Structures are given as C-alpha cells and as structure tokens.
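The values are calculated or read from the model by the stated rules, or taken from the named source; none is laboratory data. As the structure is a prediction and not an experimental result, all values here were calculated from the model. Positions of Cβ are backbone-derived with ideal geometry, glycine not excepted, and every protein chain shown enters the neighbour counts.
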Amino acid sequence: MRVLVVEDDQRVASFIQKGLEQEGLAVDVLHEGDDAGVQAHMVDYDCVVLDVMLPGRSGFQVLRDIRSQKAELPVLILSAQASPEQRVVGLNGGADDYMGKPFVLAELTARIRALLRRGKPRETTLRVADLEVDTLRRKVTRAGQPIDLKPKEYALLEFLIHNSHRPVTRSHIIEHVWDIHFDSISNVVEVHINALRNKIDRAAAVPLIHTVRGVGYMLTDDPS
C-alpha cells in the first residue's frame, strides 16, 4: 500500500514516514500544499495523510483538489487545528477521518489501515491454497506453519494476495509497494520476489508465486 504524507514540519513528516514504513507501507512526503493535489492525482495512492497549515495551498484547499479528481481516495487530516468546528469543516469538506496533534503513531497507523479496509471485503484472513495472510495481525502461515517476513516482503505479499489469480506488472507493484524515490532500473522487485519464493514456495509441493512472461507476477495455485 502506498501513502502520501503532506506535512510541512520535516521532523513530524520523517517520524510518520519511518513509522509507516516499519509497518510495510510505501510512503511519499511533500512539505508544501501547492503540488499535493497534482501528485495525488498523478500517482495511484491508497491513502493521503494531510496537514491543514501548509505553505502554499492549505490542507483544506488540497482536500478540495483531491476530491475534484479522486472522490474515493481516503484522506486523513492530521492537524494541530483540531477544534470541533475545524473537524466539522474538514469532514464536511470530504475528509474521511480527522486526527489532532499531538498524536500517537500507533493510532495513526490503525486509522490508516481502517481507511484502507473501507469498501473492501470485510474478510481479514486472505487465502490461496494453504497460504493464509492475516491482514489485521500481519501474520503469514503456509500449511499451518508460520512464515517470518520482513516489512517490505510482507507488503509485497499482501499486494500479491489482494490481486491473487491475476497477473500484476512490475510497475504496478512499484506504484503500491515502493515510494517515489525507488530506482526503477534496480532489481529490488526481483530480489524481494525471490525472497518470498524462498520462504513460501521452497518447501511446498505446489508453488504459488509465478512469473508471467512479458507481464509480471501472479500469486495463484492455478497458473494455467
């Protein structure tokens, strides 16, 4: 999942970015409001975390920009301006959630994941054959045996299982699992795919992660 954080305080932005990345999310950061609406429109984000007091366009103006282009994109306002009146303005303006500062990172992460689940099936345990991914507890098992994944490996697996039984391109993976600073000519996607294969398929009779020649990759127990 890929998140855009629009926050003018660089220390706060860095704190949020590091915390969300530790949860396996890809995070892009902007410190001004002027380009935020354009970037949210151009990049396929899964959620936006938006401050109100920004240089250039305010958070409320950015929110209007986003809503004019992407009505369904989840937006969480995170601001020191958090009086009941300001919360009402933000929520009525199209925000999906509104948190005040100071904040607890664990709560912010939980609210983001709650937004990401909206409009999707409520089932939180995803299965392909004997592979299970518990997206609430971030636990992975195959044939009942736990599999220990690094944060980025888990993020990649979660993306693949959400798109199971259909091929996804390398660029589609990059858009959702890595951030804007990703080096598109590196082989990091292939490295992580191989790491997942070693942990998920190596000891199994039926491989689940398949290369679709000329397209990308697919997680399925029926590649035919």
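Restricting L136, L115, L105, L91 to those that are under 30 Å from D51 (Cβ atoms), at pLDDT below 90 and not charged (D, E, K, R) reduces the list to L136.
In the condition set (1) more than 22 Å from V27 (Cα to Cα); (2) surrounded by fewer than 19 Cβ atoms within 10 Å (Cβ to Cβ); (3) in contact (Cβ under 8 Å) with a residue 60 or more places away in the chain; (4) not hydroxyl-bearing (S, T, Y), I200 is compliant with all but (2). Just one of the listed residues (G90, G19) is in contact with a strand residue (DSSP E or B) (Cβ under 7 Å, 6 or more places away or on another chain) and in a helix (DSSP H, G or I), and it is G90. Going by what's in this entry, would E107 be described as outside any loop (DSSP other than H, G, I, E, B) and either polar (S, T, N, Q) or within 29 Å of E72 (Cβ to Cβ) (or both)? Yes: the conditions hold for E107. Scanning for something in contact with a Gly (Cβ under 9 Å, 6 or more places away or on another chain) and within 29 Å of Q17 (Cβ to Cβ), does the stretch 203-224 turn up at least one residue? The answer is no; no qualifying residue exists. L131: in contact with a Lys or Arg (Cβ under 9 Å, 6 or more places away or on another chain), assigned by TED's automatic domain parsing to the domain that holds A205 and exposed (fewer than 14 other Cβ atoms within 10 Å of the Cβ), yes or no? Against the criterion (in contact with a Lys or Arg (Cβ under 9 Å, 6 or more places away or on another chain), assigned by TED's automatic domain parsing to the domain that holds A205 and exposed (fewer than 14 other Cβ atoms within 10 Å of the Cβ)), L131 does not qualify.
Screening the candidates A205, A195, A155 for the property of being assigned to a loop (DSSP other than H, G, I, E, B) and of a type outside the set (K, R) yields one hit, A205. Please specify each residue of the stretch 158-180 satisfying the condition of being part of a loop (DSSP other than H, G, I, E, B) and over 22 Å from G214 (Cβ atoms). Within the stretch 158-180, D179, I180 qualify.
Before we move on, is L73 buried (at least 16 other Cβ atoms within 10 Å of the Cβ), out of contact with any Ser or Thr (no Cβ under 7 Å at 6 or more places or on another chain), in the same structural domain as Q17 (by TED's automatic domain parsing) and outside any helix (DSSP H, G or I)? So L73 passes the test.
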